[in-house]
Each structure stands twice: as structure tokens, then as C-alpha cells.
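A short write-up of the structure that comes next.
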């Protein structure tokens with residue numbers, strides 16, 4: 001762990017840029033509740049239809065300050 005923390009302390013080197021990658025996945029859902037009649041109070045329901053999952057990736061270079069180096 002200490003080696004990783006030391007890497008963030010290194011000065012910027014354009015020949016050896018530090019690239020960070022993060023990823024997550026999210027479940028895609030579709031609401032399946034039926035709307036209420038106009039004269040009825042709103043009802044809250046927890047039913048949904050599963051529509052799959054999506055993977056989200058983020059790749060960035062933390063030592064670059066908005067491309068102003």
C-alpha cells in the first residue's frame with residue numbers, strides 16, 4: 001500500500017504519465033407501477049422490471065491540471 005501512496009507523490013513526467021482507472025456496474029430497472037386515477041392519492045410501489053446491467057469505466061490522469069501543464 002505504501003508503494004501506491006508514494007506513486008501519487010511523484011512529480012509529473014510526460015514520458016511516464018500516471019493513469020488511474022475506476023469501474024463500477026449498475027443495475028438498469030424499469031418502473032412497472034400503474035399510474036393512479038386523477039382523484040386518487042399517489043401510491044408508492046417497489047416493483048420494477050430488471051433490464052440488465054451496465055459497466056461504467058472512468059480513466060483519468062490525476063496529475064494533469066485541466067491540460068494546463
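Pulled fully out, how much extra length does the chain show between residue 5 and residue 25, if you take 0.36 nm times their separation in residues and subtract their Cα-Cα distance?
Length difference between fully extended and current span is 4.6 nm.
For the peptides 2-12, 37-47, 19-29, residues were scored by their other Cβ atoms within 10 Å and the scores averaged per peptide; the highest-first order is 19-29, 2-12, 37-47. Here the spin labels are modelled as points 7 Å beyond Cα on the Cα-Cβ line, and at residue 55 and residue 39 they lie 5.4 nm apart.
Kirkwood Rh, the chain, all Cα pairs: how many Å?
Numbers: mean 1/r = 0.0588 Å⁻¹.
Taking every pair of different Cα atoms in the chain, averaging 1/r and inverting gives 17.0 Å.
Read-outs: derived from the displayed coordinates by stated rules, not from any lab. Predicted model only: the values in this text are computed from it and were never measured. All Cβ positions, even for glycine, are placed from backbone atoms using ideal geometry, and neighbour counts span all protein chains on display.
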